[in-house]
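**Student:** I have a structure I would like to understand better, so I am pasting it below and will then ask my questions one at a time.
Just so it is clear, none of the values below were taken in a lab; they were calculated from the coordinates. Keep in mind that this is a model prediction, so the values were computed, not measured. In this analysis, Cβ positions are derived from the backbone assuming ideal geometry, glycine residues included, and neighbour counts consider all displayed protein chains.
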Amino acid sequence: MYSKEVQVTNQVGLYARPATFFIQKANEFKSTILVEKEERRVNAKSLLGILSLGITKGTTINLIADGPDEEEAVNALVELITSNFSD
């Protein structure tokens, strides 16, 4: 199991379009990936789960992965968030 905390800094948070990019990236990996905000954990590959957390600008989340590519998965998602979802 591998995890990392990251602060969401883009303008709209993890909502709508950024959430879609996040889920697409998460689906590239075989590992089980969870997003944790406060005491709630949701599947990082679920749009409804991500949206239900209400992640806004300035929110700190914890990304947790378990599986064959767990470290790579978490690091790629952290990089996506810290780049403000730009290519």
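**Student:** Please determine, by comparing only the residues of region 10-19 that are in contact (Cβ under 8 Å) with a residue 12 or more places away in the chain and exposed (fewer than 14 other Cβ atoms within 10 Å of the Cβ), which one is nearest to the chain's Cα centre (by Cα).
**Tutor:** Arg17
**Student:** When you go through (1) under 17 Å from Gly58 (Cα atoms); (2) not in a loop (DSSP other than H, G, I, E, B) one by one for Val12, which number turns out not to apply?
**Tutor:** The failed condition is (2).
**Student:** Quick one: is Phe29 among the aromatic types (Phe, Trp, Tyr), surrounded by 17 or more Cβ atoms within 10 Å (Cβ to Cβ), more than 11 Å from the chain's Cα centre (by Cα) and not in a strand (DSSP E or B)?
**Tutor:** Considered against the rule, which asks whether it is among the aromatic types (Phe, Trp, Tyr), surrounded by 17 or more Cβ atoms within 10 Å (Cβ to Cβ), more than 11 Å from the chain's Cα centre (by Cα) and not in a strand (DSSP E or B), Phe29 comes out as yes.
**Student:** Assuming Leu80 fulfils every condition listed in (1) in a strand (DSSP E or B); (2) in contact with a helix residue (DSSP H, G or I) (Cβ under 6 Å, 6 or more places away or on another chain); (3) buried (at least 19 other Cβ atoms within 10 Å of the Cβ) apart from one, which condition is it?
**Tutor:** Leu80 satisfies all of (1) in a strand (DSSP E or B); (2) in contact with a helix residue (DSSP H, G or I) (Cβ under 6 Å, 6 or more places away or on another chain); (3) buried (at least 19 other Cβ atoms within 10 Å of the Cβ) except (1).
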